Amino acid sequence: MMPDNPVEDVPPGNEAAMQEHWADRAARLTTILMVGRLVTARGDHVCRVRNISPGGMMIECDVPITVGESIRVELRNMNVVEATVRWTRPPRLGVEFAQPVDVPDLLHAPPALTDRQPRAPRLTATCSVLLWHLGHTSAPLLCDLSQSGCRLAMSNPPPVGTEVKITISGLPARHATLRWTREGEAGFAFREMLSFAEVAAWQCDYDTRFPENRRRA
């Protein structure tokens, strides 16, 4: 996939060929605005997919990505594609899929998951949060975060349906509802979603997100 104004091999002065070239390109591109999770060897990041074709996609991401880097993109409909970065123009980058895709199929949930709701991308983390409930506070570990909620490590969580207040360093406090518990973990849904901009800025603060790395330094 190329930038918005690529220089491609089109015969100079051949207006008909130029029009045919751009008409073919427009037919292959599908313009979308979908939030996803971009995974590199260095970690995971939220991103926005701007357009997609059978051969690749254009992405917006606020973290440095290198040309030639192998990445994985997980869409909120739970489809996943492997790709290689072919160009960068921060905050945008173009990637080429490892294998051509059927765009309509990629933009719909896999058949086995059609009964599940699309979900916001989750970012891994290992920092403590401040959880307030009935006048008491605790500091459980944050396992992952999305715009709509978070997963915490909790050995003795309150009952499902409990209303709490959660403060994560670097983000505004959110009232949340406990939705599920299992094997020492608890999932909370925020009453008010975090904005994409808030999560995108927070993900780049690695000292806050992964404090154990700071202690090792």
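What follows is calculated from the coordinates using simple rules that are stated; it is not laboratory data. Keep in mind the model is a prediction, meaning the values are calculated, not measured. Methodologically, a virtual Cβ is constructed for each residue, glycine included, from the backbone with ideal geometry; neighbour enumeration extends over all protein chains shown.
Among 150-160, 39-49, 172-182, sorting by the average number of other beta carbon atoms lying within 10 angstrom of each residue, highest first, gives 39-49, 150-160, 172-182.
Remark on MET34: its backbone amide H falls under 5 Å from those of VAL49, a criterion applied only to residues 5 or more positions apart or on other chains, H modelled at 1.01 Å from N. With θ taken as phi - 60° and the Karplus curve 6.51 cos²θ - 1.76 cosθ + 1.60 applied, the whole-hertz 3J(HN,Hα) list for the stretch 182-199 is 6, 6, x, 10, 9, x, 10, 9, 5, 5, 10, 5, 6, 7, 4, 4, 5, 5 Hz, x standing for glycine and proline. Summarising the amide proton neighbourhood of GLY56: residues at separation of 5 or more, or on other chains, whose placed amide H is nearer than 5 Å comprise PHE97.
Taking the stretch 144-163 and a reference point 7 angstrom along Cα→Cβ of GLU198, the backbone N atoms nearer than 16 Å belong to 145-151.
Quick one: what are the phi-derived ³J(HN,Hα) couplings along the stretch 47-61, Karplus 6.51/-1.76/1.60 with θ = phi - 60°, whole Hz, x for glycine and proline? After applying 6.51 cos²θ - 1.76 cosθ + 1.60, I find 8, 10, 8, 8, 8, 8, 9, x, x, x, 8, 9, 10, 10, 8 Hz.
Classified by the C-alpha gyration tensor, the stretch 44-138 has an oblate form. Its axis ratio a/c, with a ≥ b ≥ c, is 1.5 or above, and a/b does not exceed b/c.
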